[in-house]
Each structure stands twice: as structure tokens, then as C-alpha cells.
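Beneath this line is the structure, given in C-alpha cells, with notes to follow.
Where a number appears in this text, it was derived from the coordinates with a stated rule and is not lab data. Since we're looking at a predicted model, the values are computed, not measured. A quick note on method: Cβ atoms are made from the backbone with ideal geometry, for glycine too, and the neighbour counts reach across all protein chains shown.
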Amino acid sequence: MAFHHVAIASKNVAKSHAFYTEVMGFTLKKVVKRQTPEGGWTKHIFYDTGDGQLFAIWDLRGIEGVVVDADAWQGGMANGLPYWINHIAFDCHDIGGLEEHKQRWLDRGYNAVEVKHEFIHSIYTRDPDGTLVEFTFDTQPLTEEDEREALELLADDSPAQVPEYEGVQHRSPHAKARRDAEKLADAAAAI
């Protein structure tokens with residue numbers, strides 16, 4: 001069964017909206033604005049990621065000071081683990097889609113790490129809340145042999161002997177300018 005949508009909270013909805021529309025290339029489809037059971041209100045903001053699949057961010061500013069302290073939560077998938085553990089992978093279907101998204105990221109000031117895994121080929125960057133996002137495509141179908149191996153490895157508690165995948169860093173020539181502009185905007189907003 002396919003996912004309907006995945007949702008994460010955002011500390012800065014304007015930045016997240018710009019990231020997911022301009023950098024990721026998703027289309028805003030729906031916003032649901034409602035009161036919460038505990039008091040306050042939220043917006044649930046849905047984006048079409050392609051093929052009718054949805055991704056959502058939460059605008060939780062309406063519950064700060066009512067349900068949660070403003071400084072007591074982080075946006076994205078932050079939970080004290082390293083940033084690369086919790087991530088969201090979007091299907092880009094093939095190498096052409098991967099290259100298109102990689103160039104979109106680089107043009108908008110985001111670096112990309114490209115990794116060829118065992119059965120997928122991926123690129124990674126982070127959104128404004130630090131959530132790792134990925135575009136990926138299958139390079140080979142998963143087989144019954146993969147399923148048998150999966151069962152064996154699931155039961156195998158010995159330490160891994162195979163090193164981590166090596167990635168290729170693609171640096172955007174616009175990354176510093178984007179970060180500087182964001183710092184200025186944050187400083188102006190704080191005034």
C-alpha cells in the first residue's frame with residue numbers, strides 16, 4: 001500500500017514553503033486551517049510531489065504558548081539523532097529526473113550529495129529545518145533473493161563489516177549567497 005502523505009513540522013513556514021516549492025519543485029495543493037483540541041490552531045499545508053503523491057508541513061505557530069513552549073520544539077524530524085537517520089526520499093523515476101533535481105538544487109544555492117547504493121541511486125540535501133531530503137530511483141528490481149537475504153540480515157546481530165557508501169559532493173556556486181541572504185532576512189525579521 002502506498003503512502004498518502006508524510007508530514008513534518010516547520011519552525012519557519014515561509015522558508016519551508018519556498019524550499020519545497022522552489023528548490024524541490026513541488027506544487028502547493030491544499031491548506032487545512034483548524035483549531036486544535038488543546039487550544040490554538042494549526043495549518044496543515046499539502047504539496048503534490050508528483051504522480052499525485054502528497055507531502056505536508058505543519059504550521060504550528062498557533063499552538064505555541066498554548067500546547068507547547070515556543071523554544072521546546074524543533075522543526076523537521078529532529079529528535080536528537082544524527083541528521084542522516086530520519087529522512088524523506090522522493091522518487092524521481094530515472095537518471096534524467098535525478099539530474100534535473102540535482103541541477104535545481106545547485107541553481108538555488110543548495111549543495112547535493114550523490115550516492116549510488118546497492119539498488120538505488122540518490123541525491124541528498126537538507127531543508128530549512130535540517131530534515132534530510134532525498135530524490136532517488138531504483139537501479140534494479142528487488143528479487144526473491146533480496147527478500148531471502150533480508151530475512152537473514154534481520155536476524156543477524158553481528159556488527160556490519162561493509163563500509164558506508166561513498167558519496168560525491170556537488171557544491172552549488174550559489175550556496176554562500178543563499179546562506180547570507182537568509183541570515184539578513186532572519187536578522188531583519190528579528191528587529
Quiz item: Once you list every other residue whose beta carbon is under 10 Å from the beta carbon of ILE45, what net charge do they have if Lys and Arg are +1 and Asp and Glu are -1?
Solution: +3
Quiz item: Could you give the Stokes-Einstein D for segment 36-110 in µm² per second, using the C-alpha Kirkwood radius, 4 °C, 1.567 mPa s?
Solution: 84
Self-check item: Helical segments meeting 20 Å axial Cα length and Kyte-Doolittle -1.0 threshold in the chain (DSSP H)
Solution: 175-190
Quiz item: Which distance in nm do the two modelled labels at TRP84 and LEU154 give, with both placed 7 Å along the Cα-to-Cβ direction?
Solution: 2.6
Quiz item: What is the packing order of peptides 69-80, 52-63, taking the mean over residues of other C-beta atoms within 10 Å and listing the highest first?
Solution: 52-63, 69-80
Quiz item: What are the radius of gyration and Dmax of segment 5-190, computed over its Cα atoms and given in Å?
Solution: 18.8, 57
Practice problem: Run the quick spin-label model on GLU166 and ASP69: label points 7 Å from Cα toward the beta carbon, then report their separation in nm to one decimal. | Solution: 4.7
